[in-house]
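The values are calculated or read from the model by the stated rules, or taken from the named source; none is laboratory data. Just so it is clear, the structure is predicted and the values come from calculations on it, not from any experiment. Here the Cβ positions follow ideal geometry from the backbone for every residue, glycine too, while neighbour counts run over all protein chains shown.
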């Protein structure tokens with residue numbers, strides 16, 4: 001069993017929204033074989049609490065426009081690790097430090113990666129406009 005087409009579509013949509021708010025290190029995992037409650041995880045990072053919250057807001061808005069309803073959320077007040085549960089997709093927006101500590105990718109390393117469009121969440125090169 002693999003992630004549904006709907007889950008894959010929403011994962012890419014969430015990744016695009018996160019990248020638009022300068023999220024970095026985006027990883028999408030198909031967890032459908034391991035968890036009965038969801039099909040996909042999207043994991044991404046922000047550099048500050050404010051950025052983490054902005055990324056989560058944009059993901060939530062973009063998925064709502066697509067008809068997804070958020071079932072639950074955790075961690076919004078702290079802005080260090082925000083979890084957004086949309087049923088078939090769970091989005092984890094981490095502050096960089098928390099991401100290094102919890103290492104979700106390592107915990108779920110047996111899960112297949114869902115391909116994301118090239119360039120999403122890629123760190124900009126030093127000296128470019130985005131890197132300033």
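Of the conditions (1) surrounded by fewer than 21 Cβ atoms within 10 Å (Cβ to Cβ); (2) modelled with pLDDT of 95 or more; (3) touching a helix residue (DSSP H, G or I) at 6+ places or on another chain (Cβ under 6 Å), residue 74 clears all except one; give me its number.
(3)
Give region 41-53 a look and list any residue that's buried (at least 19 other Cβ atoms within 10 Å of the Cβ) and either in a strand (DSSP E or B) or touching a strand residue (DSSP E or B) at 6+ places or on another chain (Cβ under 8 Å) (or both), or say none.
Scanning region 41-53 gives 41, 42, 43, 44, 45, 46, 52, 53.
Please find, among 28, 68, the residue that is surrounded by 19 or more Cβ atoms within 10 Å (Cβ to Cβ), modelled with pLDDT of 95 or more and more than 19 Å from residue 104 (Cα to Cα).
Going through 28, 68 in turn, the sole match is 68.
Only residues that are under 21 Å from residue 22 (Cβ atoms), in contact with a strand residue (DSSP E or B) (Cβ under 7 Å, 6 or more places away or on another chain), outside any loop (DSSP other than H, G, I, E, B) and free of Cβ contacts under 8 Å to residues at least 12 places away in the same chain: list them for region 67-120, please.
Scanning region 67-120 gives a single hit, 83.
So, residue 14, is that one at pLDDT 95 or above, in contact with a strand residue (DSSP E or B) (Cβ under 6 Å, 6 or more places away or on another chain) and over 19 Å from residue 103 (Cα atoms) or not?
For residue 14, the condition - at pLDDT 95 or above, in contact with a strand residue (DSSP E or B) (Cβ under 6 Å, 6 or more places away or on another chain) and over 19 Å from residue 103 (Cα atoms) - is met.
How many residues, within region 89-109, are closer than 19 Å to residue 39 by Cα and buried (at least 21 other Cβ atoms within 10 Å of the Cβ)?
Going through region 89-109 one residue at a time, the tally reaches 5.
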